[in-house]
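Report on one structure; see the data block that follows.
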Amino acid sequence: MSQEITKDPFEFCDSPSLAPNDECNNNQINNKLNLLLTKIERIDKNVLKLNQLVDMLISKETIMEMALSSINADYIHTREIVHKTETSCLKLLNIIEERALSYERAIEDAAEQIQTITNKVINDIH
């Protein structure tokens with residue numbers, strides 16, 4: 001029994017007692033098997049190429065995610081800077097407006113004083 005198990009199952013193909021028809025069929029089978037093995041090798045090569053391509057795409061995706069994260073961080077930082085700048089500009093505009101109103105009142109007061117003095121001088125002359 002153990003001899004049957006260890007015996008080559010394809011040994012009968014090389015047997016000289018095979019009929020010419022069987023030998024022809026065996027050659028066709030061998031040719032088809034060789035063709036199949038060639039196709040399997042091509043598939044293996046293509047699978048390897050696909051795996052390499054997937055690895056490259058994963059690497060590029062990682063790089064893009066890192067770049068996007070950096071861009072988002074820059075955007076948040078820029079948004080904070082813009083907000084602080086807007087706040088500072090608003091404070092400056094308020095200060096300018098207050099001073100402009102103060103100068104406007106000072107000019108109005110000076111104009112009233114000039115008018116009063118002018119009227120007094122005119123009245124004193126008459």
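A few remarks follow.
- Listed by chain and number, the lysines whose C-alpha is less than 17 Å from the C-alpha of Lys49, apart from same-chain residues fewer than 8 away, are Lys39, Lys60.
- log₁₀ of I(q)/I(0) at q = 0.15, 0.22, 0.24 Å⁻¹ - the stretch 18-121, Debye sum with one point per alpha carbon: -0.90, -1.10, -1.14
FYI, it's all coordinate maths here, none of it is from the lab. Just so it is clear, the structure is predicted and the values come from calculations on it, not from any experiment.
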